[in-house]
Amino acid sequence: MWRTRRLRLARNILEIENLSVEVSGKRILNDVNLQIPNGEVHVLFGPNGSGKSSLIMAILGFPAFKIVSGRIFFNGVDITNLPINERVKLGINVAFQNPPAIRGVRLGDILNHLTPDKEKINELLMKLKFPPEFLERDINLGFSGGEIKKSEVLQVLAHNGSFIILDEPDSGVDVVNLRILGGVIKDALKGRSALIITHLGVILQYVNAHMAHVLINGTIACSDSPAKILGQILNEGYAWCEKCLQSRMQRCEL
Amino acid sequence: MSTIKDAALRAIKKPAELGPDLDISQYSRNPKNWEPCLLSSLPKDVLERALEVGVTSNEENRAATFFQIDHSVIFRAVQDLFENKVEIMSAKEALEKYDWLRDYWWKIVRVDADKYTALAELAWDQGYFIRILEDQHVTMPLQACLFISTDNLNQNVHNIIVAEPGSEAQIITGCTIHPGVQRGLHVGITEFYIKENAKLTFTMIHNWAQNFDSRPRSGAIIEDNATFISNYMSLKPVKSVQMYPVAYCKGVNSRARFNTIVYGSGNSYIDIGSKIVLQNEGSRGEIISRAIATDKAQICARGFLQGEHGGTRAHLECRGLLLSDEAMIYAVPELVSKSSGTELSHEAAIGKISEEQVQYLMARGFSKSEAESLIVRGFMDVGIFGLPKDLEMKIQKMLDITAERIL
């Protein structure tokens with residue numbers, strides 16, 4: 001906790017203040033506080049259903065994720081009530097875990113909107129070992145798990161935003177493609193800030209993260225060095241975090 | 001002939017099975033007089049309208065052209081490069097020239113099917129005859145335009161298309177009206193004969209007006225190893241259009257495919273379907289339809305597959321997008337199996353623009369309205385037509401303009 005407080009003093013690219021979010025009247029994020037300083041890469045751990053993806057949707061401004069209290073700042077600008085595309089224009093780019101397929105809308109159509117630089121797209125395609133034929137394919141329609149990850153990362157990097165959010169870039173990807181994706185993400189993170197959601201931390205073999213947070217029941221339970229937290233989770237599971245959260249809450253009540 | 005005429009006389013009051021029943025006496029039979037002329041000398045507004053339905057006055061880009069205004073054929077020609085490969089002429093001319101054409105006349109579409117087929121016999125106003133000669137692969141599309149320049153006119157055309165064995169061609173038919181025309185009735189009979197090993201892609205584009213009625217009646221016979229692809233697109237409002245073209249896959253390994261893109265707006269009543277009957281070993285059929293309804297438009301999207309022989313397979317895919325609470329889409333997929341060796345399937349889905357899709361595109365920087373128009377445009381993706389690239393791009397441009405207008 002003390003460490004988080006210290007980071008508040010730095011210039012943050014993302015700052016989430018006391019954020020509570022509801023979906024269909026059900027509370028899914030509770031008083032979340034999170035700061036990501038400029039140039040840092042943070043990791044978000046948490047068991048299934050703890051609210052990790054919801055946090056991303058709230059950061060992006062998806063209307064179903066209703067902010068009942070709290071604020072979100074991006075580079076010091078209050079974005080709490082901005083439409084999704086305005087947030088994207090400011091530099092937030094998300095690689096989604098389960099993006100929808102859209103018939104008749106081609107990956108190439110979206111990329112052309114994200115950047116006029118065809119060279120850059122070709123270069124990214126090469127780096128990702130992603131066949132150019134995919135540009136003519138309907139977005140996400142019939143894409144395999146690995147193809148979706150590549151397509152998402154490609155779109156995110158085509159835009160050149162200053163802040164990248166990756167929702168489980170390492171799940172459902174085979175070893176060979178993981179290595180490719182890991183390498184591309186590592187390169188892309190140079191000089192950028194990021195928030196990466198991961199279950200098992202596999203992506204951390206490729207990416208140096210500065211800080212990790214654990215989300216439990218819609219609340220940040222703890223924040224510490226990624227290696228330390230990952231070690232605890234792998235050894236003891238999330239039960240340890242839950243206990244930690246409970247004891248902290250009890251302390252607060254006292 | 002008298003038996004055909006008799007049958008027509010008996011059917012002249014017979015309402016169609018589907019669609020609003022029209023009083024055919026309310027339409028005029030007095031057309032404007034048009035003299036034959038070069039396309040380039042036609043009035044600008046006629047040419048602009050023709051271009052909107054894919055018919056260009058730049059004949060260099062077409063293997064052959066047929067142009068009819070009201071009841072007059074004003075132009076028909078085969079480009080030099082394609083002489084002795086294709087024939088194009090008015091149906092009347094063709095019937096005089098070829099005795100055998102009688103064997104193709106009213107042989108797929110029944111003259112006594114309803115009052116509109118009867119009308120096309122009893123008050124017949126030309127139409128075209130197109131023949132692709134044996135083994136000729138025609139690299140450029142052929143085009144035909146059926147144009148109405150007189151308000152409240154009734155135009156009844158009868159077209160015959162013969163793809164001789166081993167031939168391959170693309171035909172674009174545009175049916176449209178002068179900007180000054182509000183009302184009228186177009187009846188179009190089209191009979192397709194796709195012989196062994198031939199392949200024909202037929203693309204029909206309709207542009208009518210809010211008080212205009214249209215009753216096309218089409219049928220195709222597809223012989224051994226032949227392929228028939230029929231594309232239909234209608235983007236402008238219409239008072240009513242009802243059609244249910246049928247393809248008989250008569251030959252071994254015959255193939256039929258219907259692709260339909262319909263955008264219904266205003267008070268349009270649109271009842272459009274496609275039927276495929278599988279009659280021989282290896283026959284395949286596919287029906288793909290996309291319907292978008294907005295304002296108060298009513299769209300019936302029908303599809304009918306019938307398997308009559310083993311070793312056959314067909315699929316029907318019908319998708320609807322409803323953009324207004326006052327509009328309606330009625331999807332009617334039907335499968336009839338008369339042989340245990342036939343595999344028929346269908347999927348039908350109607351919905352509104354998906355929020356999830358809109359938000360995903362917004363997360364890629366598109367505004368809400370940009371995202372919606374991209375989705376609608378994608379829904380009407382002309383890629384399903386399988387057209388040559390240049391033609392596909394032209395038609396896609398028309399669709400894009402419509403998609404922009406919608407939102």
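For the range B:188-228, the equivalent ellipsoid derived from the Cα gyration tensor has semi-axes of 28, 10, 5 Å, listed largest first.
Dipole size of the protein assembly as shown about its Cα centre, with +1 on Lys/Arg Cβ and -1 on Asp/Glu Cβ: approximately 1800 debye, rounded to the nearest 20. The Kirkwood radius of the range B:316-407, taken over pairs of alpha-carbon atoms, gives through the Stokes-Einstein law at 37 °C and 0.692 mPa s a diffusion coefficient of 210 µm² s⁻¹.
Using a Cα-Cα cut-off of under 19 Å, which lysines could be cross-linked to B:LYS397, ignoring same-chain neighbours fewer than 8 residues away? Straight-distance partners of B:LYS397: B:LYS236, B:LYS389.
A dipole drawn for the protein assembly as shown from +1 and -1 charges on Cβ atoms has a positive end, and of B:ILE401, B:ALA50, A:ASN98 the residue lying farthest that way is A:ASN98.
Applying the Karplus relation 6.51 cos²θ - 1.76 cosθ + 1.60 with θ = phi - 60° to the range B:247-253 yields 3J(HN,Hα) values of 10, 9, 7, 8, x, 4, 6 Hz, where x marks Gly and Pro. Rounded to the nearest Hz, the phi-derived 3J(HN,Hα) couplings of the range A:154-169 under the Karplus curve 6.51 cos²θ - 1.76 cosθ + 1.60 (θ = phi - 60°) are 4, 5, 4, 6, 5, 7, 6, x, 8, 9, 10, 10, 10, 8, 6, x, where x marks glycine and proline.
Multiplying the residue separation of B:GLU96 and B:SER25 by 0.36 nm and subtracting their alpha-carbon distance yields 22.6 nm. Cross-link partners of A:LYS89 among aspartates and glutamates, defined as those whose alpha carbon lies under 16 angstrom from its own and excluding same-chain residues fewer than eight positions apart: A:ASP78, B:GLU370.
Placing one equal scatterer on every Cα of the range B:1-129 and applying the Debye formula, the log10 ratio I(q)/I(0) at q = 0.23 Å⁻¹ is -1.31. Selection among A:GLY201, A:PRO116, A:THR80 by position relative to the dipole of the range A:61-204 gives A:THR80 as farthest towards the positive end (Cβ unit charges, Cα centre). Between B:LYS44 and A:ASP187, the distance separating the two model label sites (each 7 Å from Cα on the Cα→Cβ line) works out to 5.4 nm. Think of each Lys and Arg Cβ as +1 and each Asp and Glu Cβ as -1; about the Cα centre, that makes the dipole of the range A:119-254 roughly 440 debye.
Within a 10 angstrom radius of the beta carbon, how do B:ASP21, B:ASP99 rank from fewest other beta carbons to most?
So the ranking, lowest neighbour count to highest, is B:ASP99, B:ASP21.
Going through the cross-link list B:LYS275/B:LYS296; B:LYS296/B:LYS338; B:LYS44/B:LYS352, which pairs have a Cα-Cα distance over 31 Å in this structure? The answer is B:LYS296/B:LYS338; B:LYS44/B:LYS352.
Let me know the whole percent of all Cα-Cα pairs from the range B:353-407 that are separated by more than 14 Å. Counting pairs separated by more than 14 Å, the tail of P(r) holds 54 percent.
Under 20 Å of direct C-alpha separation, and excluding same-chain neighbours fewer than eight residues apart, B:LYS97 reaches these aspartates and glutamates: B:GLU83, B:GLU87, B:GLU121, B:ASP125, B:GLU134, B:GLU164, B:GLU191. Segment A:LEU90..A:ARG11, full-extension length gain: 26.8 nm, with 0.36 nm per residue of separation and the alpha-carbon distance subtracted.
Going by neighbour counts of Cβ atoms within 10 Å, the residues B:CYS37, A:CYS244, A:CYS222, B:CYS175 line up, fewest first, as B:CYS37, A:CYS244, A:CYS222, B:CYS175.
Between the amide H of B:GLU317 and those of B:ILE287, B:ILE288, B:SER289, B:GLU347, distances stay under 5 Å, these residues lying 5 or more places away or on another chain, with hydrogens modeled in the peptide plane.
Proximity of backbone amide H atoms, modeled 1.01 Å from N, is registered between B:ASN156 and B:ASP125, B:VAL187 at under 5 Å, excluding neighbours fewer than 5 places apart on the same chain.
The value given for the protein assembly as shown is a Kirkwood hydrodynamic radius of 28.1 Å, derived from the mean inverse Cα-Cα separation. Scalar couplings 3J(HN,Hα) for the range A:109-114, obtained by applying the Karplus form with A = 6.51, B = -1.76, C = 1.60 to θ = phi - 60°, are 4, 5, 4, 4, 6, 6 Hz; x denotes Gly and Pro.
Principal-axis analysis of the Cα atoms of chain A puts helix A:175-188 at an angle of about 80° to the longest axis. Partner shielding of A:106-113 amounts to 3, given as the average count of beta-carbon atoms from other chains within 10 Å of each residue beta-carbon.
Equivalent-ellipsoid semi-axes for the range B:2-352 (Cα gyration tensor, √(5λ), whole Å, largest first): 28, 26, 20. Take every Cα pair under 8 Å whose residues are at least 6 apart in sequence, average their separation, divide by the length of chain B, and the relative contact order is 10 percent. For B:THR227, the residues whose amide H sits under 5 Å from its own are B:ALA198, B:LYS199, B:LEU200, B:ARG255, ignoring neighbours fewer than 5 places away on the same chain, with H placed 1.01 Å from N. Kirkwood radius and radius of gyration were both taken over the C-alpha atoms of the range A:182-254, and their ratio Rg/Rh is 1.05. Among the trypsin sites (Lys or Arg not before Pro) in the range A:24-126, none is located in a DSSP loop while being surrounded by at most 10 other Cβ atoms within 10 Å of its own Cβ.
Hull surface divided by four, with the convex hull built on the Cα atoms of chain A: how many nm²?
Spelled out: convex hull of the Cα atoms, projected over all directions, averaged, 13.7 nm².
Can you grab the distance from the C-alpha centre of the range A:111-156 to the C-alpha centre of the range B:247-268, Å, no decimals? Centre-to-centre (Cα) distance: 33 Å. Computed from Cα positions, the angle between helix A:226-236 and the longest principal axis of chain A comes to roughly 70 degrees.
Loop-located GluC sites (Glu not before Pro) in the range B:111-193 (DSSP state not H, G, I, E or B) with no more than 15 neighbouring Cβ atoms inside 10 Å: B:GLU134. Computed over the alpha-carbon pairs of the range B:128-182, the distance histogram in 10 Å steps reads 21, 41, 23, 13, 2 percent, short to long.
Here, each number is a calculation from the coordinates, and none is a lab measurement. The model shown is predicted, which means the values in this text are computed figures rather than measured ones. For neighbour counting, all protein chains shown are included, and Cβ atoms are generated from backbone atoms with ideal geometry for every residue, glycine included.
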